[in-house]
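One structure is given below, encoded as structure tokens.
The values are calculated or read from the model by the stated rules, or taken from the named source; none is laboratory data. The shown structure was predicted, so the numbers you read here are calculated from the model rather than taken from an experiment. Note that each Cβ is placed from the backbone with ideal geometry, even for glycine, and that neighbours are counted across all protein chains shown.
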Amino acid sequence: MAVQKIDIEEFLTLAKQYPVLDVRSPGEYLHAHIPSAHSLPLFTDEERKVVGTTYKQQSREQAIKIGLDYFGVKMRKMVEEAELLAGSHKPAVTTNDSKPAAIGSKTVLVHCWRGGMRSAAVAWLLDLYGFKVYSLSGGYKAFRNWALAQFEKPYDLHVLGGYTGSGKTYVLEALHSKKESVINLEKIASHKGSAFGNIGMPKQPSPEMFENLLAVELFFLSQKGKPIWVEDESQRIGDINIPISFWKEMRRKPLYFLDIPFEERLKHIVAEYGKLEKEKLINAVVRIKKRLGGLETKEAALALIEDRVEDSFRILLTYYDKGYLKGMHNREELETLLLKIPCKTVHESNFNQLLQPL
């Protein structure tokens, strides 16, 4: 067998069937990586630094020799780790022109930073051992260029809007269950989008990792030929910024606005957030003091201290409604883009008007 170099889109398609081995250093992988990739580092962070310094200060040949010193003692372990990953890998989907990969298939995809010596060395080793190896042409750097390019493309988007507490996430989940194309930006960002959005959520990905996840989802969903549903968001979700070109694209698309009474949304918010740790809720209120106002901050925090959760959230919901309304009216051509969906309560069964046209 011979190692086969392939381009990004073929690589990503095959990655739905076979394991991806990222042979960059642990630090590079931790910062950001191709979604679904496994870390199988050729060098540690320190070893990578030594090889790179040698390359710059001495010569390519000397750097390769030092790299071989590191690589030689790891060969068996790397082969065994690759076997474990390939043996336990479960294919996600089949491609249009191939049969599903068998569990434990001895096929892997390999990449490094630029498709250079690191991936070549590991690909050679695994090929020698008997793996079918695909190598990403241009490496992770090429993937990043490709990922950023995805945000410059036009998409057929349907934007799901509504004031805070409208249960937009539940509607997205309902749409997904009906086999519609859905991108849950808050799920990708590990943040619910408000001052309280990080409570009970895992750590947010790096901005680069968020972009990688979003780009790959856009790529595969756009191939289905159906509108892609996304939630109406401000450009910033916690510490993450939605790529500006894609966010502007969202702002130009139809806005399906869930029009739900204030009191119904308040009940939903109390049920969802009222059970969270009181101290974290109070800290979140204090963080928005400049925008909320001193008096409202004091009253909202005091209500939480006194277990008057509904009173506190009533203040906060009023604040968020004003902010959302302002952001919504900053859209160009809002009158032609806005489609109001009247709903009595926060429950997906009331959103038949939204689903019927699809």
Please determine, by comparing only the residues of segment 268-279 that are modelled with pLDDT of 90 or more and out of contact with any helix residue (DSSP H, G or I) (no Cβ under 8 Å at 6 or more places or on another chain), which one is surrounded by the fewest Cβ atoms within 10 Å (Cβ to Cβ).
E279
Subset tally (residues that are at negative phi, over 29 Å from the mean Cα position of the chain (by Cα) and not in a helix (DSSP H, G or I)) for segment 274-308:
2
Looking at K153, K141, which one is within 26 Å of F11 (Cβ to Cβ), in contact (Cβ under 8 Å) with a residue 12 or more places away in the chain and part of a loop (DSSP other than H, G, I, E, B)?
K153
Determine, yes or no, whether Y29 is surrounded by 14 or more Cβ atoms within 10 Å (Cβ to Cβ), assigned by TED's automatic domain parsing to the domain that holds G138 and outside any loop (DSSP other than H, G, I, E, B).
yes
Scan segment 45-70 and report the pairs whose first residue is among the charged types (D, E, K, R) and whose second residue is in a helix (DSSP H, G or I) and surrounded by 13 or more Cβ atoms within 10 Å (Cβ to Cβ), with Cβ atoms within less than 7 Å and a gap of 6+ or a chain change.
D45/P26; D45/G27; E47/Y70
Where residues in segment 135-174 are within 26 Å of L338 (Cα to Cα) and among the basic types (K, R), which of them is surrounded by the fewest Cβ atoms within 10 Å (Cβ to Cβ)?
K153
State all residues of segment 282-332 that are acidic (D, E) and either without any contact (Cβ under 8 Å) to a residue 60 or more places away in the chain or crowded, with 17+ Cβ neighbours inside 10 Å (or both); if no residue qualifies, say none.
E296, E299, E306, D307, E310, D311
Only listed residue being in contact (Cβ under 8 Å) with a residue 24 or more places away in the chain, more than 18 Å from the chain's Cα centre (by Cα) and either at positive phi or surrounded by 19 or more Cβ atoms within 10 Å (Cβ to Cβ) (or both), chosen from L214, L258:
L258
Looking at V346 and the list (1) touching a residue at least 60 places away in the same chain (Cβ under 8 Å); (2) farther than 22 Å from S190 by Cα; (3) part of a helix (DSSP H, G or I); (4) not acidic (D, E), which single condition is not satisfied?
(3)
Based on this model, can you work out whether S177 counts as more than 12 Å from the chain's Cα centre (by Cα), surrounded by 15 or more Cβ atoms within 10 Å (Cβ to Cβ) and among the polar types (S, T, N, Q)?
no
Restricting attention to segment 71-80, report how many residues are surrounded by fewer than 16 Cβ atoms within 10 Å (Cβ to Cβ) and in a helix (DSSP H, G or I).
5
Of the residues that sit in segment 217-243 and are of a type in the set (V, I, T) and without any contact (Cβ under 8 Å) to a residue 60 or more places away in the chain, which one is farthest from P342 (Cα to Cα)?
I240
Condition test on L175, is it assigned to a helix (DSSP H, G or I) and not assigned by TED's automatic domain parsing to the domain that holds L337?
no
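Residue-wise test of (1) assigned by TED's automatic domain parsing to the domain that holds H329; (2) modelled with pLDDT of 95 or more; (3) more than 28 Å from K253 (Cα to Cα).
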position: M117; (1), (2), (3): no, no, yes
position: F131; (1), (2), (3): no, yes, yes
position: T164; (1), (2), (3): yes, no, no
position: G167; (1), (2), (3): yes, no, no
position: V182; (1), (2), (3): yes, yes, no
position: L185; (1), (2), (3): yes, yes, no
Taking segment 160-186 and keeping only residues that are of a type outside the set (A, V, I, L, M) and under 20 Å from A271 (Cβ atoms), one is left with G162, Y163, T164, G165, S166, G167, K168, T169, Y170, E173, E186
Test result for M250, within 19 Å of the chain's Cα centre (by Cα), within 30 Å of R314 (Cβ to Cβ) and in a loop (DSSP other than H, G, I, E, B)
no
Can you find a residue in segment 221-242 that is out of contact with any Pro (no Cβ under 7 Å at 6 or more places or on another chain), surrounded by 14 or more Cβ atoms within 10 Å (Cβ to Cβ) and assigned to a helix (DSSP H, G or I)?
yes
Look at N198 and say whether it is of a type in the set (S, T, N, Q) and either surrounded by 22 or more Cβ atoms within 10 Å (Cβ to Cβ) or within 23 Å of K253 (Cα to Cα) (or both).
no
